[in-house]
Each structure stands twice: as structure tokens, then as C-alpha cells.
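Working notes, beginning with the structure itself.
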Amino acid sequence: MAWAGSRIRPRRLRTTPALRALVRETRLDPAQLILPVFVAEDLGDDGEPRPITSMPGVVQHSMNSLVREARAVADAGLGGIMLFGVPVAKDAVGSGATDSDGVLNRALAAVRAEVGDATSVMADLCLDEFTDHGHCGVLSTDPSGRTVVDNDATLERYADMAVAQARAGAHVVGPSGMMDGQIGVIRDALDAAGHADVVVLAYSAKYASGFYGPFREAVASTLTGDRNTYQQDSGNLRESLREVALDVEQGADIVMVKPALPYLDVVRAVSESVDVPVCAYQVSGEYAQIEAAAANGWIDRDRVVLETLTSIRRAGASSILTYYALYAAQLLRA
Ligand code: PBG
């Protein structure tokens with residue numbers, strides 16, 4: 001029996017895989033994916049990679065296993081590799097972050113020597129992995145006697161850290177500390193040191209999120225307390241538009257929204273409000289959720305990985321930081 005709408009049938013375009021592929025609006029390409037990686041100083045050059053319990057399949061690398069991973073990233077055609085350092089010694093100002101012999105800067109040099117320009121070598125530009133108190137900046141005491149993360153004193157550290165990372169070979173620096181004015185100060189420092197070509201990937205809209213839980217294990221974080229005085233409140237959307245506008249004004253080349261899946265409305269709004277590329281970070285807790293459910297047989301990992309990444313792209317992100325970058329590239333090739 002015919003019904004009134006029988007001439008118009010959306011299901012027609014879903015009949016075959018070829019038709020579905022023909023009309024698919026959003027695709028994933030390995031070149032749009034960036035792999036975050038961890039390098040731990042105590043593992044030395046040849047230590048066995050150390051599994052991260054809360055992120056099954058993700059490890060802390062030694063220097064040599066990191067270099068092999070970077071080769072795999074380049075060979076898979078990924079857009080980039082984002083390095084996080086786990087130093088042996090930490091202090092109040094995060095000295096290891098600006099030391100050319102510090103674990104992150106040495107890792108940058110080793111990775112850049114291995115891959116050249118075959119993929120983009122990136123570094124997290126933040127002090128939290130290097131400070132003994134675990135905050136993203138340096139601390140001071142405000143007039144009322146409160147211990148606070150000192151915005152402007154932190155900017156000086158970030159400026160030095162940016163230059164150290166550029167010297168070590170970073171194509172891209174990723175300031176993730178949410179200090180006011182960080183993008184402008186970093187841009188100026190890079191330019192003054194002759195690194196006008198180094199790209200600033202700004203973690204512009206970064207929320208104070210429970211989804212960073214597993215990352216704290218990954219970097220052996222010493223943080224007690226929270227980051228609520230610098231990272232954004234999860235109830236806010238307009239604030240993200242303000243943050244990205246400020247970062248673009250200060251010279252951000254790419255802006256980022258983080259986490260990704262719980263903040264797709266922010267990804268969408270940001271992508272409509274700026275004309276620079278928008279990146280999103282599928283963070284450790286997003287990864288851990290998928291892994292836990294997949295390990296229980298409750299969801300199909302491969303489907304969910306591609307579905308979440310496609311959703312993040314559909315929301316307006318042109319690139320994605322994801323611990324699944326290599327895995328997804330394999331799925332896309334298959
Ligand atoms: C700060 C930083 C964090 C993450 C990336 N950069 C931790 C934080 O802000 O507490 C989290 C990434 C993840 O959870 O995967 N250097």
C-alpha cells in the first residue's frame with residue numbers, strides 16, 4: 001500500500017555501501033589526527049615502555065621507543081605527534097621545562113631528527129608535568145595571604161619554554177595552561193628568537209574536567225586540589241568564544257577545544273566564530289571510557305572509535321588529538 005510520502009524516500013540513499021559513501025558528509029583522514037605520547041625520563045634510552053593502567057594500550061615511552069613510535073606516526077601519514085614529558089625531578093618553577101637537556105626537549109630533538117618534516121612535531125607547553133606542586137604555573141601569595149597560580153610570572157616561564165621547544169625542533173607548540181595573555185607572550189618570544197615559523201596551537205577553550213583523570217596517572221601528576229581558577233567552568237559556552245577570540249587576536253594559528261565529545265556544542269560554536277582551524281582533544285577519560293566498555297564486550301571498539309572521531313569532525317573540528325590516532329589510521333586503511 002502506498003503512503004502519501006512514497007515518492008520521497010531518504011532510505012534510497014542508504015541502499016548500498018557505495019551510495020552511502022557517495023553522500024557521506026564527513027570523512028576522517030589520518031592527516032587530521034594527532035597522536036599524544038608520553039616520554040618518561042626514568043626509563044632512559046632503552047627502558048621497556050611502561051603501561052598506563054587507566055589507559056589500556058597507552059604507555060610511557062623510553063627515548064628509543066618514542067622515536068620508533070614517531071616513525072610509525074610518520075609512516076601512517078598522521079598529521080602530528082604531541083609530546084608530553086615525565087621528568088624525574090620536579091621543582092617549584094618547573095625548571096626541567098626550559099632545560100635543553102630536560103626530558104621533553106631532548107625527546108623533541110630525537111623525534112625531529114627521526115621524522116624531519118614527514119609529520120608535525122608538537123609539544124605540550126605547560127608547567128604541570130615539571131612542577132612539584134603539579135599546577136600549570138608558578139605559585140605566589142596574593143595580598144590576602146592565599147596561595148595562587150601567578151598568571152604573569154607564569155607567562156615568563158612559558159616564553160622561555162616556547163623558545164626551548166622551538167630550538168629543540170618543535171614545528172608546533174601547544175600552550176595548555178590557560179593563563180591570560182599566554183598566546184601573545186609566546187608568539188613574541190618565538191619571533192624574537194627567530195622562530196617566526198613555529199606554529200602556536202592554542203588550547204583556547206579548555207575546561208576543568210574530570211575526563212583528565214587518567215592523564216594524571218600518565219604524567220605521574222603531583223597535583224592536589226584542582227585547576228578551577230584557570231580552566232573553564234563546564235557550564236560555560238560564551239566564555240569559550242571570548243577565550244578563542246582573545247587567542248586569535250594574540251596570534252593563535254590553530255585554536256583547540258578540550259575535552260571533545262562532552263563539548264561538541266562548543267566545538268560547533270567555536271568553529272562558526274573564528275576563521276582559523278579548530279582542533280579538538282579526545283582526552284584520556286574519553287579514551288578510558290571506550291576502552292572499559294569495549295573490554296567488557298559492551299560496545300564495539302572499532303565502531304565507536306570511528307563514530308566518536310567522525311562526530312568530533314562533524315561538529316566542526318578540522319583536526320583531532322586522540323590516543324586512537326594510529327589505531328584509527330589502521331581502521332581507515334582497512
Ligand atoms: C596540561 C594538560 C592536561 C591534559 C593535556 N595537557 C592535564 C590537565 O589540564 O589537567 C589532559 C589530556 C588528557 O586528559 O588526555 N599539561
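The values are calculated or read from the model by the stated rules, or taken from the named source; none is laboratory data. These numbers were taken from a predicted model, which means no experiment stands behind them. Cβ placement follows ideal geometry from the backbone for every residue including glycine, while neighbour counts extend to all protein chains displayed. Surface accessibility is based on the protein's heavy atoms, side chains included, excluding ligands, DNA and RNA. Shrake-Rupley method; radii C 1.70, N 1.55, O 1.52, S 1.80 Å.
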- line: What helix-only [θ] at 222 nm does the chain give? Using -39500 (n - 2.57) per DSSP H run of at least 4, over all residues, to the nearest 500, the answer is -11500 deg cm²/dmol
- prompt: P(r) for segment 81-153: what percent of alpha-carbon pairs falls in each 10 Å bin, starting at zero?
  reply: 20, 41, 25, 11, 3, 0
- prompt: If you take the Cα atoms of the chain, find Rg, then find the Kirkwood Rh from the mean of 1/r over all pairs, what is Rg/Rh?
  reply: 1.00
message: Which one, Leu332, Gly145, Val219, projects farthest toward the positive side of the charge dipole computed for the chain from Cβ point charges (K/R +1, D/E -1)?
response: Leu332
Gaussian network model of the chain, Cα within-10 Å springs - most flexible of Ser100, Ser120, Ser140: Ser140
message: Rounded to the nearest 20 debye, what is the charge dipole size of the chain about its Cα centre when +1 sits on each Lys and Arg Cβ and -1 on each Asp and Glu Cβ?
response: 2220 debye
field: Rounded to 5, percent antiparallel among DSSP beta bridges of the chain
entry: 15 percent
query: Taking chymotrypsin sites (Phe, Trp or Tyr not before Pro) that fall in a DSSP loop and have at most 15 other Cβ atoms within 10 Å as cut points, what is the longest piece of the chain between them?
result: 4-297
- line: For the chain, the per residue accessible area (1.4 Å probe, Å²) is 45 Å²
Segment 271-307 and segment 1-69: distance between their alpha carbon centers, rounded to Å: 8 Å
statement: Between the Cα axis of helix 301-314 and the main Cα principal axis of the chain, the angle (0 to 90°, nearest 10) is 80 degrees
task: Would you mind giving the average projected area, over all directions, of the Cα convex hull of segment 209-257 in nm² with one decimal?
output: 4.5 nm²
Nearest 10 degrees, 0 to 90: helix 63-75 Cα axis against the chain principal axis: 30 degrees
- prompt: Roughly to the nearest percent, how much of the accessible area of the chain is carbon and sulfur, given a 1.4 Å probe?
  reply: 51 percent
